[in-house]
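Visitor: This is the structure I have questions about; it appears just below.
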Amino acid sequence: MEIEIPKVYEPEKVEDKLYDFWQKNSQFSSLPKDGQKPFTIVIPPPNVTGVLHMGHALNNTLQDIIIRFRRMQGCNALWVPGTDHGGIATQNVVEKLLLSEGTNRHKLGRDKFLERMWSWRKESGDTILNQLKKLGCSLDWSRTRFTMDEVCSKAVMTAFVELYNKGLIYRGKRLVNWCPRCQTALSDIEVEHEEEIGKLWHIKYEIKPQKPSKGKKAAAEKEHLVVATTRPETMLGDTAVAVNPKDKRYKKLVGRTILLPLTQREIPIVADEAVDATFGTGAVKVTPAHDPTDFDIAQRSKLPMIVVIDTKGAMTPEAGAKYAGLDRYAARKAVLEDLEAQGLLLETAQHPHSIGHCYRCDTVIEPLISEQWFLKVEDMSKRAMKAVTDGKLKFYPASWEKPYLLWLENLKDWCISRQIWWGHRIPVYYCKSEKGKDGKPCKPVASAVPLEKCPNCGGAVEQDPDVLDTWFSSALWPFSVFGWPNGKESQISDFKSQISDLSYYYPTSVLVTGHEILYLWVARMVQMGLEFMNNIPFSEVYIHGIVRDKSGKKMSKSLGNVIDPLGVMKKYGTDALRFSLSQSAAPGRDMQLSDDSFLGARNFANKMWNASRFVLMNLQSVFWEPGYMAIWPLELADTWILSEYRQLVKDVTSSLEKYDIDQAARLLYEFFWSKYCDWYIEIAKIRLNGQDDASKKVALSILIEVLGGFLRLMHPIMPFITEEIWQTLIKFLRSPSQIKSISIMTYKWPEFDEAKLEKDSLAKMQIIMDVVSAIRTIRSEMNVPPGKPIKVIFNVSEKDASSVLEAHQPYLKALAKLEEINIGSTVERPPQSATAVVRGVEIFVPLAGLIDLEKEIARLEKEIVNAEGEEKRCEQNLANEGFIKRAPAVEVERVRTRLKDARLKAERLKDNIKSLKN
RNA sequence: GGGUAGUUAGCUCAGCGGAAGAGCACUCGCCUCACACGCGAGUGGCCGCAGGUUCAAAUCCUGCACUACCCACCA
């Protein structure tokens, strides 16, 4: 078999080809199967407007790693793809488009607009899903869902109706978060608070004089009260001034009346606990229609409400003729000017406070009174909390438990209605007939199927104009994708099975997401899962960090610091991107990315490529058959690398099980580069070029065995390059009939056999490696040309070390470029030689004529300082009675050995300096 | 105001109870028959500060100081 392998790995030549190969061979698909354990992940559905950004790349790389790992472990692994309609965000995109065409949705009308939305959705297609294919994601494409497709919509309607009929969904007029730009209400969590330096204005309010009681004169001077506010324009809607009931300063003013400046409207002074006497002046203007706290105060004191700001953020006629129509900020300016002119503006202080912004368009939120639909969350929250406190739902890292619980504990009813058109229209129908059946108007009806007539009186009906919060459908995602509420039969039409998707795959195994949507999405899925499926939607939540740029800033289009993952894949290869992301994916930790990290990962891919190339090239020239490993005796290097490999299997497996993907990536990198390549391959070269046929074949066997295992362990993280190499390697591994899996991705995950681990080989090999490194250091420091062979003398008193060196002279000769080795236990120090002492082995390199005396002495002195430091530390430890008595015996023994080695080292090096000086 | 995480080599980060580590950068030497996207060697750290627990602390505990993020009806 002749193989031509390029010197440099070329990702662009293999990636698309392999993805096609996987798809053609149905490597990603899963069907319910009795007796096989499912492992299921549903994708956090990206928005249909989306293009793949680095956050998606991270999120989906991690999911793919987990799903590939479990699939190889023998689970029936399913990863469900899909997209989210994205409510406001998506509507905004199309509205912008319309604006550029000189029209808007209102001119178009609801039906035409929705047509436009759907055609746009069709046009933009599933761009992002195709980009996930570039990333190598092993999603079961036959199961692709969309939150507004038939299956998911049915789930949404059913869920709404059930909640409505249970009385958990209600309609009410409340103060809600209103985005004046998006023209819709938002839930509390869709409001982003940003700290800003605002101003706190102190305004003088005149108190209406009391009617003088009999016999007393009216107060000579006018009385005043000063209020502090950050929003002076809302004073036009004030219906009271409130003070704390315990505030002595104002106690006697409670019940009096204020003459509101600018309008001269009369409003009362009330007492309310919500007022903080220590803040500002201790007196608060109360604007119930535009502030949540004021709204509550107004409820308690039964104050009227005056709406002075409309849905566009402009002042209403109620604000007075002078201000009506002005934008809220223009009104602020005007009000301040007018107050100033009247001498009522006393003080303007800098005031840091946080302001709510729309999470979709960043416009400042306006609290407005509005009729909306709400979902009662109290009971659902309690159950969602219990799932975590009972230990059924686990977070990785666990530190997210507390924030999750705190959030649920303080959660208020969820405003689920939006005044936009793109989304699931609220399935509530109002009877248009005023009379109804028996003279009374009919109650509204919720229905999962469209209603034409009122079920009560048969009259015409009108559907509620609002749509549901996009997160309502997202909350149902883990079961709506499996066909809930149907669930009886499989959603895959050509598959006849007794097991339904829903019962087989739900609850799913793990949810992988960033912490930014923990509340927005994760907590709600748990609530809804418990509500409708009576079971949590997943038992584990793996929360990864956020991708930042190299200076630690969040990547955003507006900052212009985004790194385009598609560009990275093109430049460095998909596997390099994936490895780089994996490397820094410690659970819960944000990561900084830069070109450097991709470059390192690309180099690693190339290293894998070339090491494999080395193995494959030798396979062609050496007669080889599987099974040699069992027949021929193994050498030290063989047992060593096998031990290391087996440890690797153990560690990588447990790391992936714990979602420590960064650790898995590092372990693999370390093993492959600094063990397999740096040492095993280098030693294998000696044997492959040697005359010992048995040693040759064994080395080749181990090279293949370990490479094959490594590739499988590496596969979840770097799927393309591992498959590409595997496809060639497999031809040598087994005859075609023996190959059960066509692809590495369905080949069995390596298993760890502790019994075969040879601990002894690690220590022995360590001697070889340390001695070689020490000799290389001498060569390098003494400027011995790399090509020049040298002689070396070992003085070893310890038998074990001595026999290891004795037995592995060919290793040493090749690795350190030696022409002659002498080993003894009482060797005379040769004159003019450089020295090193490692692991009890004294090394002499005779360098007559070559040695730089001063340099060597300086080098040795430095070594002595280190050794003596070590000596001192060990002595102190051993002199400590507590240490001897309480530390484990192994530890005490270890320190004794270290002391012995350090003493020997210091002593020998000192002797050597002496002899050099003579 | 509450919460969470972080602070280790110039940079990015690992280590989380028993000898300070990696990659990049830097210095020196190498086109050594897999790889210059490479090989060999080296320089570089009172492991944020202060206490405490322990025979032993970068590692556990308590404060403090910064940094970042999240939550909150700070008028």
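None of the figures in this text is laboratory data; all of them are computed from the coordinates on show. Model, not experiment: these values are computed from the prediction. Glycine also receives a Cβ, built like all others from the backbone with ideal geometry; neighbour counts cover every protein chain displayed.
Visitor: Can you run phi through the Karplus equation (6.51, -1.76, 1.60; θ = phi - 60°) for the stretch A:343-354 and list ³J(HN,Hα) in whole Hz, with x for Gly and Pro?
Guide: Whole-Hz 3J(HN,Hα) from phi for the stretch A:343-354: x, 9, 8, 8, 8, 10, 10, 5, 8, x, 7, 9.
Visitor: Sticking with this structure for a sec: Amide H neighbours of A:Lys432 under 5 Å, at least 5 residues apart or on other chains, H built in the peptide plane: list them.
Guide: Under 5 Å from the amide H of A:Lys432 lie the amide H atoms of A:Ala460, A:Val461, A:Glu462, each far enough along the sequence or on another chain.
Visitor: Just how many pairs of Lys in the stretch A:827-918 have C-alpha atoms closer than 20 Å, counting pairs that are eight or more places apart or on different chains?
Guide: Pairs that pass both the separation and distance tests number 17.
Visitor: If you don't mind, another one. Find the relative contact order for chain A and round it to a whole percent, using C-alpha pairs within less than 8 Å whose residues are 6+ positions apart. Please list the in-between numbers first.
Guide: Details: 1582 pairs, mean separation 109.4, N = 918.
That works out to 12 percent.
Visitor: Taking the beta-carbon count within 10 Å as an exposure proxy, list A:Thr61, A:Thr653 from fewest neighbours to most.
Guide: Ascending number of Cβ neighbours within 10 Å: A:Thr653, A:Thr61.
Visitor: Helix A:328-341 versus the longest principal axis of chain A: what is the Cα-based angle in degrees, 0 to 90, to the nearest 10?
Guide: 60
Visitor: Considering only chain A, what is the antiparallel percent among its DSSP beta bridges, to the nearest 5?
Guide: Percent antiparallel among DSSP bridges in chain A is about 70.
Visitor: State the volume of the convex hull built on the alpha-carbon positions of chain A, expressed per residue in Å³ and rounded to an integer.
Guide: Expressed per residue, the convex hull around the Cα atoms of chain A is 270 Å³.
Visitor: Check A:Ala240: other-chain or 5+ apart residues with amide H under 5 Å from its amide H, H built from backbone geometry?
Guide: A:Val286
Visitor: For helix A:54-72, report the angle its Cα long axis makes with the longest principal axis of the Cα atoms of chain A; keep it between 0 and 90° and round to the nearest 10°.
Guide: Taking the Cα atoms of chain A, the angle to A:54-72 is about 60 degrees.
Visitor: Now, a different point. Set the bar at 30 Å for Cα to Cα. Now go through A:Lys731/A:Lys764; A:Lys37/A:Lys133; A:Lys376/A:Lys658; A:Lys386/A:Lys658 and name every pair that lies beyond it.
Guide: Among A:Lys731/A:Lys764; A:Lys37/A:Lys133; A:Lys376/A:Lys658; A:Lys386/A:Lys658, the Cα-Cα distance tops 30 Å for A:Lys731/A:Lys764; A:Lys376/A:Lys658.
Visitor: Determine ³J(HN,Hα), in whole Hz, for all residues of the stretch A:365-374 in sequence, where each value follows from phi through the Karplus function 6.51 cos²θ - 1.76 cosθ + 1.60 and θ = phi - 60°; x replaces Gly and Pro.
Guide: Per residue, the Karplus-derived 3J(HN,Hα) values read 6, 10, x, 9, 7, 7, 8, 9, 9, 10 Hz.
Visitor: List, in order, the whole-Hz ³J(HN,Hα) value for each residue of the stretch A:438-454 obtained from phi through the Karplus relation with A = 6.51, B = -1.76, C = 1.60 and θ = phi - 60°; use x for Gly and Pro.
Guide: With the stated coefficients, the stretch A:438-454 comes to 10, x, 9, x, 6, 6, x, 10, 9, 9, 6, 10, x, 9, 9, 10, 5 Hz.
Visitor: Where does each of A:Tyr505, A:Tyr170 land when they are ranked from fewest to most other beta-carbon atoms within 10 angstrom?
Guide: In increasing order of surrounding Cβ atoms, one gets A:Tyr170, A:Tyr505.
Visitor: Just tell me which lysines come within less than 23 Å, Cα to Cα, of A:Lys33; anything on the same chain fewer than 8 places away is out.
Guide: Partners found: A:Lys24, A:Lys488, A:Lys496, A:Lys740, A:Lys748.
Visitor: Using helices alone, what [θ] at 222 nm do you get for chain A, with -39,500 (n - 2.57) per DSSP H run of 4 or more residues, divided over all residues and rounded to the nearest 500?
Guide: Working: 29 runs with 383 residues, N = 918.
Calculated mean residue ellipticity at 222 nm is -13500 deg cm²/dmol.
Visitor: Could you name the lysines whose alpha carbon sits less than 18 Å from that of A:Lys791, not counting residues in the same chain fewer than 8 places away?
Guide: Counting by Cα, and skipping residues close in sequence, A:Lys791 has these lysines nearby: A:Lys813, A:Lys817.
Visitor: Ranking A:Thr229, A:Thr470 by Cβ neighbours within 10 Å, fewest first, what do you get?
Guide: The fewest-first ordering by Cβ neighbours comes to A:Thr229, A:Thr470.
Visitor: Treating cross-link reach as a plain straight distance, find the aspartates and glutamates whose alpha-carbon is under 18 Å from the alpha-carbon of A:Lys685, omitting any fewer than eight places away in the same chain.
Guide: The reachable aspartates and glutamates, counting only those whose Cα sits under 18 Å from A:Lys685, are A:Glu635, A:Asp638, A:Asp693, A:Glu705, A:Glu819.
Visitor: Search the structure for amide H atoms under 5 Å from the amide H of A:Lys199, placed 1.01 Å from N in the peptide plane, and list their residues when 5 or more places away or on another chain.
Guide: Residues meeting the amide H criterion: A:His351.
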